[in-house]
Amino acid sequence: MKSHTNSGTRILLIERQLHWREAFARALQSAGFTVCTLDTYTYLPLLDCLKGEDPDLVVLGCVSIRSEEQQLIAQILTRKHHLVVLCVSLPWQVMRSLFLQGVDDIADKPSNPADVVHFVNQALEATETYNRARVVESSSIA
């Protein structure tokens, strides 16, 4: 399996709980990622967070998926960003609906910040594989 290079990879981390936001950001930055954090679900600050560049991956940490999280997820997916959701409580029906909406991956919110790095690396490898497959598919159609 190919190892993902973290250097220069832009992660947008959205997490309202200060402790987890700081711990996850530190772990990701230590692994070489460029990390921008937000503590709000308002989408406008997302435009300035990474100085106008699209994130390679958006990570949403939350307790549960309510209407506010659903609205944010819809806005992120509308902009074609890759999105992973780390959630404390997630019934399988909600998980299924998130996958059907286009969320790249979903997992239990880890208690160990180092697990976030592992999860993000896995998600990025999966999105790179998906992107390569789409390029091959579109070039074979032409």
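Values quoted throughout were computed directly from the atomic coordinates according to the rules given, and no laboratory measurement underlies them. Just so we're clear, the structure is a prediction, and the values are computed from it rather than from any experiment. Here the Cβ positions follow ideal geometry from the backbone for every residue, glycine too, while neighbour counts run over all protein chains shown.
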Legend entry - Spacing of the two label points (7 Å from each Cα toward its C-beta) at residue 68 and residue 89, in nm: 1.5 nm
Inset, instruction - Could you rank the peptides 26-32, 82-88 by their average count of other C-beta atoms within 10 Å per residue, with the highest value first? - result: 82-88, 26-32
Inset, instruction - Could you please report the charge total around residue 14, scoring K, R as +1 and D, E as -1 over all other residues with beta-carbon less than 12 angstrom from its beta-carbon? - result: -2
Inset, instruction - Please work out how much length the chain gains when fully extended from residue 101 to residue 7, using 0.36 nm per residue of separation minus the C-alpha to C-alpha distance, in nm with one decimal. - result: 30.9 nm
